[in-house]
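Worksheet: one structure, shown below.
Nothing in this text is a laboratory measurement; each read-out follows from the coordinates by a stated rule. This structure is a prediction, so every number in the text was calculated from the model and none was measured. Glycine gets a Cβ as well: all are built from the backbone with ideal geometry, and neighbour counts include every protein chain shown.
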Amino acid sequence: MSLHLDKTTWKRVSLGDVAANVNVSVNDPEVVGIERIVAMEHLDPGELKITRWGSIDDNATFTRRVEPRQTLFGKRRAYQRKAAYAEFSAITSGDILVFQADEDKLLPEFLPFLVQSDGFYHHAVGTSAGSLSPRTNWRDLAKYEFDLPPLDEQKRLAALLWSVESHRSAVTAERAAISAARSAWLSEAVTRLLGQATVPFAKMWARAPESGWSAPPVDEHTGHYVLSLAALGPDGYRPGQFKNVLDSTELRSARLVHGDLLISRANTIDAVGRVGIFDEERDDVSFPDTMMRVHLVEDVRPEFVAAVLSSSHGRAHMRRTAAGSATSMVKINRRSLATMLFPLASMDQQEHLLEKVSSFDTALGSTEKTVAEIGALKSGLLTKIFEDAA
């Protein structure tokens, strides 16, 4: 895409020359009509729009004020790329910096895209200090240099970038609606099947579930891999979520083959019990001891089992039987998994459910592809604007 950029008119500046880090405290937000708080967990990586927030009744420690048209940036773990554009007044935490553009030099609507650029990201990560929870600071971020267009050019580019951002947000919302419809339909379908006939889930096993092997990750390429916890997501198996490990007899005993059904044995309360089917054609990946591999009897489809376990019925069982602290890692075991009521469905019933689920998944895949394409377009635009030489 040609942007017709004439960078000979652009001026080299530092962020501190055209923006300030605003640190205005509000001790009693209700008095000034502020009802929302924005914490780090409310900022989604790569997402400028704030779609989630908390109530001021939930946290009395936040005091930093946020106003519309200001840009928020998470200074803790900057590698997460948490930045947002405020559209409402709020109170935020000390781990979030609040940038205010000098409107005589920099448009507030242009600033958030600068913060999302690769150059700013690398500067933020490079100036972060600390091992467990690295943080950067305004003093170092203010020194970040970039080429700033004139205001009329900023206005044109901001309008283009926001149109791309709005399109991406619309497709993301469409995907969320499809996902919600999928979940609702699946839960209703599984409930109907449960009303016909059930057996303990253990009756679906050809033998007892296996535990994997967790080897410590190494930096060098070894040709041997173990799945990370992220490999089992809310929508099933996620390819490519590996860690390099050293070869061993134990690791080889946990080698995966195409079609293996995996269940997360230890994770957070929201992720424990997640299920996925290993669908990659490779023989160099093993599963960790935080997962179980389940071998099924012949008259049940692995995809049907995955659908049941990911339904509201399956998720409720996992949360109810998980042991441990809800604020950290919790675990399920073979005994608790074995007792889950499982619908005794004919192959025709399984195929019917899977056909409908597949139609939802096709629609989800289409929106995910579109979101990825829009993301690539936006990334390319940011590179041309902020990174490419004139």
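Charged side chains reduced to their Cβ positions (Lys and Arg at +1, Asp and Glu at -1) give the chain a dipole of some 880 debye around its Cα centre.
Restriction of the trypsin sites (Lys or Arg not before Pro) in region 263-326 to DSSP coil positions whose beta-carbon has at most 14 other beta-carbons within 10 angstrom yields ARG282.
Across the chain, the relative contact order, built from alpha-carbon pairs under 8 Å that are at least six residues apart, equals 16 percent. For the listed peptides 72-81, 28-37, 97-106, a ranking on the average number of other beta carbons within 10 Å per residue, highest first, reads 72-81, 97-106, 28-37. Residue-wise HN-Hα couplings along region 190-197, as the Karplus relation 6.51 cos²θ - 1.76 cosθ + 1.60 with θ = phi - 60° gives them from phi, are 5, 4, 4, 5, 5, x, 8, 7 Hz; Gly and Pro carry x. Once the C-beta distance of GLN196 and SER166 is scaled by a Förster radius of 51 Å, the resulting FRET efficiency is 0.65 to the nearest 0.05.
When the chain is treated as a GNM with alpha-carbon contacts under 10 Å, the residue of SER310, SER358, SER131 showing the greatest mean-square fluctuation is SER131. On the beta carbon distance between ALA142 and ARG282, with R0 = 51 Å, the FRET formula returns roughly 0.60. For the pair region 2-40 / region 245-260, the C-alpha centres are spaced 49 Å from each other. Each Cα pair under 8 Å and six or more residues apart adds its sequence gap; the mean of these over the residue count of region 58-122 is a relative contact order of 36 percent. Rounded to the nearest 10 degrees, the inclination of helix 347-382 to the longest alpha-carbon principal axis of the chain is 20 degrees. For region 9-148, give me the percentage of DSSP beta bridges that are antiparallel, rounded to the nearest 5 percent. Bridges in region 9-148 are about 90 percent antiparallel.
Remark on LYS11: its backbone amide H falls under 5 Å from those of LEU148, a criterion applied only to residues 5 or more positions apart or on other chains, H modelled at 1.01 Å from N.
Modelled label positions at THR222 and SER133, each set 7 Å beyond Cα in the direction of Cβ, lie 3.1 nm from each other. Relative to the longest principal axis of the Cα atoms of the chain, helix 312-321 runs at roughly 90 degrees.
With the chain treated as a Gaussian network of Cα nodes joined by springs under 10 Å, which of THR249, THR290, THR321 yields the largest mean-square fluctuation? Sorting by GNM fluctuation, first place goes to THR249. Spin-label pair VAL13-ALA376: with each label point 7 Å from Cα along the Cα-Cβ axis, the two points sit 3.4 nm from one another.
For region 263-322 versus region 103-179, the spacing of their alpha-carbon centroids is 38 Å.
Projecting the Cα atoms of VAL245, ALA316, MET204 onto the dipole axis of region 197-343, where Lys and Arg carry +1 and Asp and Glu carry -1 at the beta carbon, places ALA316 farthest toward the positive end. Entry note, region 280-390: relative contact order of 22 percent, from Cα contacts under 8 Å with a spacing of 6+ residues. The antiparallel fraction among DSSP beta bridges confined to the chain stands at about 90%. Would you mind telling me which residue in LEU377, LEU161, LEU132 has the biggest mean-square fluctuation in a Gaussian network model of the chain, where springs connect alpha carbons within a distance under 10 angstrom? Residue with maximal mean-square fluctuation among LEU377, LEU161, LEU132: LEU132. The structure shown yields Cα Rg over 2.2 N^0.38 Å, and of the options (1) 0.91; (2) 0.95; (3) 1.17 that calculated value carries the label (3).
The simple spin-label model puts a point 7 Å past each Cα toward its Cβ; for GLU250 and MET329 those points are separated by 1.3 nm.
Here region 285-390 is assigned +1 on the Cβ of each Lys and Arg and -1 on the Cβ of each Asp and Glu. Its dipole about the Cα centre then comes out at about 640 debye.
Among the GluC sites (Glu not before Pro) found in region 154-254, those both in a DSSP coil and sparsely packed, with 15 or fewer other Cβ atoms within 10 Å of their Cβ, are GLU220. Helix-only arithmetic for the chain: the sum of -39500 (n - 2.57) across DSSP H runs with n ≥ 4, divided by the residue total, places the mean residue ellipticity at 222 nm at -11000 deg cm²/dmol. Bridges between two residues of region 197-343, per DSSP, are antiparallel at a rate of about 90%. Rounded to the nearest Hz, the phi-derived 3J(HN,Hα) couplings of region 33-40 under the Karplus curve 6.51 cos²θ - 1.76 cosθ + 1.60 (θ = phi - 60°) are x, 9, 10, 10, 10, 10, 10, 4, where x marks glycine and proline.
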